[in-house]
1. Multiply the residue gap between residue 74 and residue 167 by 0.36 nm, knock off their C-alpha separation, and tell me the result in nm, one decimal place.
2. Sorted from fewest to most neighbouring beta carbons within 10 Å, what does the list 126, 149, 64 look like?
3. Arrange the peptides 153-159, 35-41 so that the one whose residues have, on average, the most other Cβ atoms within 10 Å appears first.
4. Go ahead and run the numbers for FRET between residue 148 and residue 26, Cβ-Cβ distance against an R0 of 22 Å, rounding to 0.05.
5. Just report the Cα centroid separation between the stretch 56-78 and the stretch 168-185, whole Å.
6. Please give, to one decimal in nm, the separation of the simple spin-label points placed at residue 199 and residue 178, each 7 Å out from Cα toward the Cβ.
7. Sort 138-146, 12-20, 117-125 for me by packing, meaning the mean count of neighbouring Cβ atoms within 10 Å per residue, highest on top.
8. Points 7 angstrom from Cα along the Cβ direction at residue 18 and residue 156: gap in nanometres?
């Protein structure tokens, strides 16, 4: 990833300003659709270029925000389209319609909060956008929350690149560690959720029926 990042930085630095702005817009969009794209670090480098006077700080922030929000809504649209297919028992028999409905109810309650926080949840952005699309959460409000999230996050990381100058690659270490912490926490939450579901199912399956059979045999 380090070599790829350096190649992207060298490529962006060699571009005329107009094309560098276009690259920032496309990378910010693409990292939502193809998560391995190091979109955040490209935006940090855009902040560095703003710091040395090659680009305009506010233009970098606005283009990164627009690209990120647009990419989020593209994945939302994909989730919106495939949502009905997932609920079709003839296509996906292994997908429980009850589980999907339960997830939809949960997203209707908490989905906007997740969308508003999505830029701060590295590694989960595409999952969140697909999920709220499948749940068909209100698109207008979703777009507003996604744009606000992108604006706050990109302002922070663009300023980071702007402020540290030549040391901009160091921000990558912090972002990587932050992303790993977010993923570890998400996996822990998922594990707890699955464990609770398993225990609940186990309790419901071993109830009065079993004790009744035991008493009957003993009599």
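1. Details: separation 93, 0.36 × 93 = 33.48 nm, distance 3.33 nm.
Contour length minus the Cα-Cα distance gives 30.2 nm.
2. 126, 149, 64
3. Working: 153-159: 21.6, 35-41: 20.0.
Packing proxy ranking, top to bottom: 153-159, 35-41.
4. On the way: r = 22 Å, r/R0 = 0.99.
So the FRET efficiency works out to roughly 0.50.
5. 21
6. A separation of 3.4 nm, rounded to one decimal place.
7. Working: 138-146: 17.0, 12-20: 13.3, 117-125: 18.8.
Result, highest mean Cβ count within 10 Å first: 117-125, 138-146, 12-20.
8. Reported label-point gap for residue 18 and residue 156 is 3.5 nm.
Read-outs throughout are calculated quantities, based only on the coordinates presented, and are distinct from any laboratory measurement. Note that the structure is predicted; figures quoted are calculated from it, not measured. Quick reminder, even Gly has a Cβ in these numbers, built from the backbone with ideal geometry, and neighbours come from all protein chains shown.
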